[in-house]
Amino acid sequence: MKLLRFKKDGKEKNGAIINGGMVEIEHSLLEAAHSHPDHLERKEFYLLNEVKILPPVKPSKIICVGLNYRDHAEELNMALPDEPILFLKPSTTVIGHEDSIIYPAQSHHVDYEAELAVVIGHEARFVSEDDALDYIAGYTVLNDVTARDLQEKDGQWTRAKSFDTFCPIGPWIETELDPSNQRVCMKVNGEVKQDSRTKNMIFTPKELISFISEIMTLQPGDVIATGTPPGVGPLQVGDVAEVNVEGIGTLKNRVTKS
Ligand code: ZN
């Protein structure tokens, strides 16, 4: 089942895509993620093209993994990490499907990074790998936009990863995905730039949840960005970035001037 938040006539609503149709639901997305579709209280039906899609969650934090694809490590000639390399993006980076990525004046090199994202469904602390999947509400698509020149200049990654609008997520949460071998694809202006599969991940979603939960409490709605495959490259003002994760859908954003 696909779960989304949307705006219609100035009001924010929750919705589900069931059998190809979009219906407003009474429940929050995290409540709905733990329910059977037949048990959801349904309201009005809408067409996707008559609503504004909002980010599916408001995370308290976005935990990202650097260098998590074997084929990306090979491309960079880097050794495989023995533990996940983590960094954070603030909640204020989040934008939704078809919102604009604003190219910051401080940077002259902004890159896209296509990623599968995990949405946390239950508070998680010291969770074992065996139990980790129980804490997942679902999966979504994420573009980890990065000011590469500032990342190199600063050494620390905070500025490079944290500009407002640098974390497009959506368009929705898919609750029934098997994350082990899905295609992850990035297109810029219709041209394929990244094309790999989640089977090339070094650390799987359940390994990441267990590892991260030993450090910090994962709260419902928090997002884990699972790293990007090879083919990372720059965006220019006016570009249209489309991230597709097989089994979920396509997240599309245009780059605009600050
Ligand atoms: Zn990334």
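Modelled label positions at L133 and E50, each set 7 Å beyond Cα in the direction of Cβ, lie 3.9 nm from each other. Let me know the shape class of region 1-86, please: from the alpha-carbon gyration tensor, a ≥ b ≥ c as square roots of the eigenvalues, rounded when a/c is under 1.5, otherwise prolate if a/b is greater than b/c, or oblate. Verdict is prolate for region 1-86. For a Förster distance of 35 Å, can you work out the FRET efficiency between the beta-carbons of A105 and Q156, rounded to the nearest 0.05? Plugging the Cβ-Cβ distance into 1/(1 + (r/R0)^6) gives 0.95. Computed from point charges on the beta carbon alone (+1 for Lys and Arg, -1 for Asp and Glu), the dipole magnitude for region 2-54 about its Cα centre is near 240 Debye. Between Q219, Q236, Q156, the residue with the greatest mean-square fluctuation in the GNM of the chain (Cα pairs under 10 Å linked by springs) is Q156.
With charges set only on the Cβ (+1 for Lys and Arg, -1 for Asp and Glu), what does the dipole of the chain come to about its Cα centre, in debye to the nearest 20?
So the dipole magnitude of the chain works out to roughly 840 debye.
Between amide H atoms placed 1.01 Å from N, distances below 5 Å from N68 occur with T228, all of them 5 or more places distant or on a separate chain. For V145, the residues whose amide H sits under 5 Å from its own are E113, ignoring neighbours fewer than 5 places away on the same chain, with H placed 1.01 Å from N.
Measuring between their Cα centroids, region 192-235 and region 24-64 lie 22 Å from each other. Shape of the chain from the C-alpha gyration tensor: oblate (a/c of 1.5 or more and a/b not above b/c, with a ≥ b ≥ c the square roots of its eigenvalues). Taking the inverse of the mean reciprocal distance over all distinct Cα pairs, the Kirkwood hydrodynamic radius of region 31-175 comes to 17.3 Å. Annotation: amide H-H contacts under 5 Å for T256 (H modelled 1.01 Å from N, sequence separation of 5 or more, or interchain): I101, I102, Y103, G238. Taking 7 Å steps out from each Cα toward its Cβ at S28 and S258 produces label points 3.3 nm apart.
Considering only E191, E246, E113, the mean-square fluctuation computed in a Gaussian network model of the chain, springs between alpha carbons under 10 angstrom, is largest for E191.
Every number here is computed from the coordinates shown, using simple stated rules; none is lab data. For clarity, every value in this text was computed on a predicted model and none was experimentally measured. We place every Cβ from the backbone using ideal geometry, glycine too, and count neighbours over all the protein chains shown.
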